[in-house]
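Below is one structure; the comments refer to it alone.
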Amino acid sequence: MAKSSQMSIDHVTAEEDRVAVEAHSRFEMADGRLFENTYHFLFVVAQGKIVSVREHFDPGYASEFFGPEVQDALIAGARTRA
């Protein structure tokens, strides 16, 4: 569990019905370790509302940080939502 968390937006690009966001995180874990990852979010917008979101991050770094079991759970959850 994270003791503190921060997500920062680095870049935003919008074209037609898509908005791409590059971001990075900084989570201080309860044990004092820092989890810092990079992300790409793709938002699809219709009639002024977000209709879908896709999130991509560095799974190799997450696996090294949390262990392969967490990575497997994240991948399984993403497949369930797709």
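Could you grab the pairs with beta carbons closer than 9 Å, sequence gap of 6+ or different chains, first residue in the range 1-30 and more than 20 Å from Ser52 (Cα to Cα) and among the basic types (Lys, Arg), second one open to solvent by less than 70 Å² (accessible area, probe 1.4 Å) and in a strand (DSSP E or B)?
Going by the 9 Å Cβ cut-off, the qualifying pairs are Lys3/Phe27; Lys3/Glu28; Lys3/Met29; Arg26/Ser4; Arg26/Ser8; Arg26/Leu34; Arg26/Phe35.
Report the residue count in the range 7-54 for those that are open to solvent by 90 Å² or more (accessible area, probe 1.4 Å), closer than 18 Å to Phe66 by Cα and in a strand (DSSP E or B).
Residues meeting the conditions: 1.
Are any residues in the range 55-65 of a type outside the set (D, E, K, R) and open to solvent by 80 Å² or more (accessible area, probe 1.4 Å), and if so, which ones?
Of all residues in the range 55-65, those of a type outside the set (D, E, K, R) come to 56-57, 59-63, 65.
Of everything in the range 55-65, just one residue is of a type outside the set (D, E, K, R) and open to solvent by 80 Å² or more (accessible area, probe 1.4 Å), namely His56.
The values are calculated or read from the model by the stated rules, or taken from the named source; none is laboratory data. Treat the numbers as computed from the prediction; the structure is a model and nothing was measured. No Cβ is skipped: glycine too gets one built from the backbone with ideal geometry, and neighbour counts run over all protein chains shown. The protein model used for the area step is the full one, side chains on, heavy atoms only, and it has no ligands, DNA or RNA in it. Shrake-Rupley method; radii C 1.70, N 1.55, O 1.52, S 1.80 Å.
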